[in-house]
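These notes concern the structure reproduced below.
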């Protein structure tokens, strides 16, 4: 708890005011990742290897942008820094510990940006959303990675509806958020790599399926190149009686 409190205080101090409400979630995720490091290792390695495999196919490696860079555990950060002239990390929050790690980058070629990538504020009022339009202004863009972000866009939208008690939201808001991100990725003029969890199961000690949830709200992603399970919460993390397993897919969008 002491380390979490220090991480929270340090991160809040270096986070722009509008993004500070998201610091607590990021710190909680960091703490869970540390507790579940062994259970998450295969998922994180699979994610890193898929991104690295995509990056290696590029003839030019000038600028790479990672959307949902998060804790940098599921992104081949060191390899991307070595391979590309510039690496841009985009997320709601960048933990103080992550920022400290980046300062030791000898190439000094990493940039961070705090940004809401969801498009929620536009879609909720019926406006067309272009949350990735800033990528058009990134020079020499050769690779974009959406790193375990897509499901969080839907989940974040759902939590916001509940938290703000928004009663008149469009019926298709949540799948609309998912489709907006996918369509934006598909329209980029560079290599695009998508890694995302698509659903989760709550499984009892006896192996019985207690609950199944579709994290993409009915939106299908065709022809994944790879798929694997991510034991997000092993037995004992949330309960001794069940575990939570997410299904993850990866594919190149362009």
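For residue 227, state whether it is exposed (fewer than 13 other Cβ atoms within 10 Å of the Cβ), within 12 Å of residue 43 (Cβ to Cβ) and touching a strand residue (DSSP E or B) at 6+ places or on another chain (Cβ under 6 Å).
Numbers: exposed (fewer than 13 other Cβ atoms within 10 Å of the Cβ): yes; within 12 Å of residue 43 (Cβ to Cβ): yes; touching a strand residue (DSSP E or B) at 6+ places or on another chain (Cβ under 6 Å): yes.
Answer is yes for this residue.
The residues on offer are 54, 47, and the sole one that is crowded, with 18+ Cβ neighbours inside 10 Å, in contact (Cβ under 8 Å) with a residue 12 or more places away in the chain and within 17 Å of the chain's Cα centre (by Cα) is 47.
Scanning the range 80-92 turns up no residue that is within 20 Å of residue 40 (Cα to Cα) and either under 17 Å from the mean Cα position of the chain (by Cα) or at pLDDT below 95 (or both).
Inside the range 140-155, residues that are within 16 Å of residue 123 (Cα to Cα) and surrounded by fewer than 20 Cβ atoms within 10 Å (Cβ to Cβ) make up a count of 1.
Residues considered: 174, 135. Of these, the only one that is over 16 Å from the mean Cα position of the chain (by Cα), closer than 20 Å to residue 70 by Cα and surrounded by 18 or more Cβ atoms within 10 Å (Cβ to Cβ) is 135. With respect to the conditions (1) surrounded by 13 or more Cβ atoms within 10 Å (Cβ to Cβ); (2) in a helix (DSSP H, G or I); (3) at pLDDT below 95, residue 169 falls short on a single one, namely (2). The range 59-162 holds helices (runs of 4 or more DSSP H) entirely within its bounds, and those carrying 2 or more residues that are in contact (Cβ under 8 Å) with a residue 40 or more places away in the chain and either out of contact with any strand residue (DSSP E or B) (no Cβ under 6 Å at 6 or more places or on another chain) or within 25 Å of residue 5 (Cα to Cα) (or both) map to 96-102, 120-123.
Tally the residues that are assigned to a loop (DSSP other than H, G, I, E, B) and closer than 15 Å to residue 100 by Cα, restricting the search to the range 1-31.
Of the residues in the range 1-31, the ones assigned to a loop (DSSP other than H, G, I, E, B) are 1, 14-16.
Filter once more, keeping what is closer than 15 Å to residue 100 by Cα: 14-15.
Residues that pass the stated criteria total 2.
The set of residues in the range 189-223 being buried (at least 18 other Cβ atoms within 10 Å of the Cβ) and under 19 Å from residue 50 (Cβ atoms) consists of 190, 191, 192, 193, 194, 195, 196, 197, 198, 215, 216.
The values are calculated or read from the model by the stated rules, or taken from the named source; none is laboratory data. Since the model is a prediction, treat every value here as computed from it, not as a measurement. All Cβ positions, even for glycine, are placed from backbone atoms using ideal geometry, and neighbour counts span all protein chains on display.
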